[in-house]
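Down below is the structure, laid out as structure tokens.
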Amino acid sequence: METVREIGALRDAVAAFRADGQLVALVPTMGALHAGHVALVEAARRPGTKVVASIFVNPRQFGPNEDLARYPRREQADLRMLEAAGCDLVWLPGVETMYPDGFASTVSVQGVSETFDGASRPGHFDGVATVVTKLFNQVRPDTAYFGEKDFQQLAVIRRMVTDLDMGIEITGVPTQREDDGLAMSSRNIYLDEEERGKATALPRALGVAARSIGRGDDAAAALEDARATLIAAGFTIDYVALADAETLSDDPAPDRPRRLLAAARMGATRLIDNIAIEDS
Ligand code: AMP
């Protein structure tokens, strides 16, 4: 596995893959890798395809009062994990490469990025769309892999790729979970032992509500029950909502694919999770 930190070296390495007749798959990450990221690399690994992972903690997707400074950084462990997962090339740009002096461009996706995390974290999805556009232009992959864990992010990227004719195939990978159901996240390490125990209420409450809505029960009542469960477990709720799985509209038609989405704070840690509604 090769690692590159300069754009010229990245372009040479990708050109060598292309000269060898290989397709190129990109897995963007912010590092502090776990089995969720490994699942993306494994999904990207296919015969005739080289897998490029990027590690960049993107300052533009953090709000002023968010955790940029303390976001976990552990490059050596990440590289070992990527190598073991079968990654071929790791792109490790510095902030000065991504945002050199004078940088003045923003990619902004309307609609799908305005609800939920877009409303709670102003500017977050502009930061995501801008950095993913840069990564796409740097690596020029054929395909790119994103986790369903960040469901709205995946929807924003799909919209952006379609709208801007980027010609990159986007694949969503199911959320990888701990044995007790908590979605894996680089931020789970912020939870102390007691908080970590209580946090399992999030996937549990979403699962109960999703099954209830899938059976045809009243959605508003199911969402209210989920909120009450989360509050009883010690969460402060940001949102618990039913959304159209494509447009992220918070008023989805029942005959459309729907997703239950939640964000809630356990202590100082903001957790997100989501689950599909499956009609039963
Ligand atoms: P991050 O490093 O948190 O920016 O995440 C990088 C990529 O990994 C994103 O596409 C995430 O959606 C994905 N990801 C993070 N956690 C998980 C998980 N538990 N399961 C699947 N994908 C994940």
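The values are calculated or read from the model by the stated rules, or taken from the named source; none is laboratory data. On a predicted model such as this, the values are computed, not experimentally measured, just so you know. Neighbour counts are summed over all protein chains in view; Cβ atoms, including those assigned to glycine, are modelled from backbone coordinates with ideal geometry.
If we keep just the residues of region 46-61 that are in contact with a strand residue (DSSP E or B) (Cβ under 6 Å, 6 or more places away or on another chain) and touching a residue at least 40 places away in the same chain (Cβ under 8 Å), which is farthest from the ligand (Cβ to nearest atom)?
49
Hey, does region 237-250 have a residue that's out of contact with any Lys or Arg (no Cβ under 8 Å at 6 or more places or on another chain), closer than 19 Å to residue 195 by Cβ, buried (at least 18 other Cβ atoms within 10 Å of the Cβ) and not acidic (Asp, Glu)?
No, region 237-250 contains no residue that is out of contact with any Lys or Arg (no Cβ under 8 Å at 6 or more places or on another chain), closer than 19 Å to residue 195 by Cβ, buried (at least 18 other Cβ atoms within 10 Å of the Cβ) and not acidic (Asp, Glu).
Quick test of your reading of the structure: residue 65 fulfils all but one of (1) surrounded by fewer than 21 Cβ atoms within 10 Å (Cβ to Cβ); (2) modelled with pLDDT of 95 or more; (3) over 24 Å from residue 160 (Cβ atoms). Name the failing condition by number.
(2)
Kindly state which helices (runs of 4 or more DSSP H) lie completely within region 60-127 and contain at least 2 residues that are more than 17 Å from residue 5 (Cα to Cα).
Hits in region 60-127: 75-85, 117-120.
Working carefully through the options 43, 39, 19, find the one that is within 13 Å of the ligand (Cβ to nearest atom) and either within 23 Å of residue 133 (Cβ to Cβ) or exposed (fewer than 13 other Cβ atoms within 10 Å of the Cβ) (or both).
One residue alone meets the criteria, 43.
Could you grab me the full set of residues in region 137-156 that are over 20 Å from residue 38 (Cα atoms) and either touching a Cys at 6+ places or on another chain (Cβ under 6 Å) or crowded, with 20+ Cβ neighbours inside 10 Å (or both)?
Within region 137-156, 152, 155, 156 qualify.
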